[in-house]
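Visitor: Take a look at this one; I'll ask things after.
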Amino acid sequence: MTPFIVTFYSYKGGVGRSLLAANIGILSARRGKTLLWDLDIEAPGLHNISGLTPAKTVKEGFFEWMISWQESGRPSKDADFGKLVKLACQTPEQDRLFILPAYGDNKDFAGLYQSVRWDDFLVRDLDSGLALFRGILDAFGKAGFETVMLDSRTGITDIGGLLAVLLPHATVLVGNYGRQNTKGLAHVWQALQPAHEGRIAPRGALPPLTRILVASPIADELDLRAKGEEIWKKAFGLAPAELITIPFDQRLLFTEELYAATRPDTPVAKAYNDLERRIEMVRQQVIAETESARRSDDTRPDLVVRRNKESHAQGKSFEERVAHLLRLLGYTVEREQLIDSNRVDLVARKRADFGREEVYLVECKDHQSVIPKETVQIFRTWLDGPTAREMQTRGMVVAARDFSPAARSFAREQGIQALTYDELERSLFDFSPYLARIRQRYEASTFAGNYVDQYLILEKQHDEKPVLMLPHALEWVSGAGSRLWLVLGDYGTGKSTLVERLAYELALNCENNPDSPIPVAINLRQFPNAISLESLIREHLETELRTVLNPEIVLHLLEAGRVVLLLDSFDEMGVAQAGRSVEEQFRQLARPTANPGRNPCGNRVLITSRSHFFRDRKSAMQAVQGGDKLFEADSALGKAARAFVATLDTLPVFTKEQIAEYLQKRLGMVEGDQARRFIEERYGLQDIASTPQLLDMIVASLPDLIEKGENVTTGKLYLIYTTRWLTTIRLSQGEVDVDHMRELLERMACELWRRPRNQIHYTDIAALLHHEGGLARSLDSERVDLELRTAAFLVRSADGYYRFSHRSFLEFFFARALFRALQEGHFAKALTYGRINPEATTFLLDLTESAQESSDKLVGAIRTILVNSYAEVTSENALLIAYRTAQ
């Protein structure tokens, strides 16, 4: 018997989540035997709260048990659950309250935590992890525990998802009125919506998840509290009455007193009681529904046997699959019901306009033969029954294969919807406007006229010549190769062009073939704060179509092979501000590919990224020198990708032939040939031109390059390109002179380097120069904004936020600011700018080499900056830095 499970979750720490769980545990134990399970695995210690500390020394906890189980090599179902149950300790405050500590007293809990191979059962084999935790919970249920309360880790984590989504009957989400907390917790609240609607299959037989929202701790100031409640109402869409508020109590800043036991008359304790009553109502409802389902099965054993056979033979039954589609369409669905003595497969309800309710009786026909007219005629008589008429029902028949022409004609005459499963699935969402935008955007871009066929180096065929990208990509979409496909390349090799071209080709195919996969193409750098795949899809489609779409529809169609997910620029997606590691973020995006889908085209995800995220460059260099295969050298992130059986192919730079083709398409036959000869005749320029992004910059900067002459580096190319804008492209009547504008861009880069979203509002830009008196105070932000809008290397959002169009420009201007500070002797100031990354390092070294004079003092300062930045990095780049700065 599984006990009632409640998870306590918070997006950030410091909101009193563990203390709240402890107090609710005390109150719950007054009703029945209760367990507090400490699963805040990176910051455990629930049993150190004085009111929960067991009388006897805690010798072992969950960590030690987990290590013992993993070392035993037993499968999840054969773990020694009885031993773990015995580790639960009785607490002094309440006889029926027990605690399962994370670790034993005086143990090295950090070392124990590191010794558990969490990824084995949270990532690589989640089914095993689910079986393990459910086995534990069942064991506690058999030991007489009625309620188990899980104190979860904060943030977006693998174990947090397990505890908040897949295991509990109810999840209590705890946060305060701070902006970070509110926005983060609101994202998690929304991410739990599918579980709340009963649409998360791994929850198994659990009922839909109940979400309970708690604000804690909240001060008594009425004005501040009212403002906070308004923020939460907007973020969560809840009335204040639906929110439980835990008041602020100064004593709790210095103690961990359990007010539920010691101060029952305080406002804090009364709030605890309100929450416990809410949780108890959910528990009673779960008990009632479980008992009702048992009684129903007792009366219809034939249905239980039939459902079990169908489940064993083909997974979800046809009725379950149809019910899932209807839920995605916004219906609430009730399973098999007796209406006017007719056993109807499904009853679907949806709120319509003006408070009306649509009610459909749904018959599901999974026959492999065509549905005849007679079947629909019989169903018509069901709709004429007295109960069905009183319910004002409509009719829907869903067929696995098809209907006869006579059946479709009769259904149309009678107002009955006759749909095949495929037709119902295609009706989930009309992607026509989205596909039209993909086509129009591409055809209006410079890519359309200047596109050069791209090639791929396939890791499984790396001894052969590169293959054409587009035919290979279309084969992958059709089911060839691994479901997860990573296309890697250095900056500017055309990864975004690949995604846009592939999306365009697929959008064209969809015009003529309704069964062609729909490309959902997302540039990840535009959504750095999306905390889940669901929120990413929602934000993208809302931006594109100005409409809100349930992302579960897209994920369903992805599984069905009707959608292919194209995710560009993984390396430019923010991570730190959401409290996740890069690997956690990657696993979130790659998650669908862990399952095979309904057909070979199902769950196909393409992700592009800069190579160094997934390749260990030092190991790769060693492998090449040793004669081994280059593709065997994966970084930690690359190894995570292998866990999804990913294919990691490489997008190479342009060949001479591709450069010539691009120049001819861009400049015409004569001028293109002149540009080609200029590039080939200049030392180093051929190498730079092989990167498509830099080739485009060369073309734009060609007149200046021809005039400047010989030694062209990446840093100089960026310098010429940006200087050209500063001196010629800007408004002729620009009020900010060249030096001040360059200084402004450098200060912007330093400011954005520290910001998680790497963006700044235009009203704050002028202040960057005003602060040091470099800009006339009479010059307003609007004027600066007007001048910045002409910069191709900047992007301005509709609401006035600026960011650099590509991270390389941010890195270039940041390196310039750092170089200027060091050159002027402001070493202490340079240290405050932040650690430098490999790309910005390249720019900094280029600037140093191209400087008219480089003193020993400057070189020493740069070397110190780089040593500080690479103190924790071992790579061939660090050796390059040491060599070049020593010259």
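The values are calculated or read from the model by the stated rules, or taken from the named source; none is laboratory data. Quantities reported herein were computed from a predicted structural model and do not represent experimental measurements. For neighbour counting, all protein chains shown are included, and Cβ atoms are generated from backbone atoms with ideal geometry for every residue, glycine included. In case anyone asks, the SASA skips ligands and DNA or RNA and just uses the protein heavy atoms, side chains included. Shrake-Rupley method; radii C 1.70, N 1.55, O 1.52, S 1.80 Å.
Visitor: 7 Å from Cα along Cα→Cβ at both R351 and E824: what's the point-to-point distance in nm?
Guide: Placing both labels 7 Å along Cα→Cβ, they lie 6.0 nm apart.
Visitor: Over all directions, average the projected area of the Cα convex hull of the stretch 316-384 and note it in nm².
Guide: The Cα convex hull of the stretch 316-384, projected and averaged over all directions, gives 5.6 nm².
Visitor: I need to check one value: relative contact order of the stretch 1-115, counting alpha carbon pairs closer than 8 Å and at least 6 residues apart, in percent.
Guide: This gives 34 percent for the stretch 1-115.
Visitor: Short version: what are the Cα gyration tensor semi-axes of the stretch 313-442, square root of 5 times each eigenvalue, largest first, in whole Å?
Guide: Semi-axis lengths for the stretch 313-442 are 27, 19, 16 Å.
Visitor: If you don't mind, there's one more thing I want to ask. Can you give the accessible area of T154, probe radius 1.4 Å, in Å² rounded to 10?
Guide: We get 50 Å² for T154.
Visitor: Take the stretch 76-161, drop everything but the C-alpha atoms, weight them equally and run the Debye formula without solvent; then report log10 I(q)/I(0) at 0.19 Å⁻¹ to two decimals.
Guide: Values returned for q = 0.19 Å⁻¹ are -1.12.
Visitor: Normalised by the number of residues in the stretch 337-485, what is the relative contact order in percent for Cα pairs under 8 Å and 6+ residues apart?
Guide: Relative contact order comes out at 15 percent.
Visitor: Something else: Distance cut-off 23 Å, Cα to Cα: go down the list K12/K86; K83/K639; K12/K639; K12/K829; K56/K107; K12/K227 and report the pairs above it.
Guide: Beyond 23 Å between Cα atoms: K12/K86; K83/K639; K12/K639; K12/K829.
Visitor: Which ³J(HN,Hα) values in Hz, rounded to whole numbers, follow from the phi angles of the stretch 469-477 under the Karplus curve 6.51 cos²θ - 1.76 cosθ + 1.60, where θ = phi - 60° and Gly and Pro get x?
Guide: Values per residue, Gly and Pro as x: 5, 4, x, 5, 5, 5, 5, 4, 4 Hz.
Visitor: With the alpha-carbon atoms as the only input, what is the per residue convex hull volume for the stretch 506-554 in Å³?
Guide: Taking only Cα atoms, the stretch 506-554 has a hull volume of 88 Å³ per residue.
Visitor: Once you treat every alpha carbon in the stretch 9-104 as an equal point and sum by Debye, what is log10 I(q)/I(0) at q = 0.16, 0.17, 0.19, 0.24 Å⁻¹?
Guide: -0.70, -0.78, -0.93, -1.24
Visitor: Above 15 Å lies some portion of the pair distances; for the stretch 365-433, what is it as a whole percent of all C-alpha pairs?
Guide: Value for the stretch 365-433 (Cα pairs over 15 Å): 55 percent.
Visitor: Could you pull the Rg and Dmax for the stretch 442-545, using just the Cα atoms, both in Å?
Guide: 15.1, 44
Visitor: Per residue, how big is the convex hull of the stretch 143-221 when only Cα atoms are used? Give it in Å³.
Guide: Convex hull of Cα atoms, per residue: 119 Å³.
Visitor: Sticking with this structure for a sec: Using the basic label-point model (7 angstrom from Cα toward the beta carbon), what is the I287 to T446 distance in nanometres?
Guide: Here the answer is 7.0 nm between the modelled labels.
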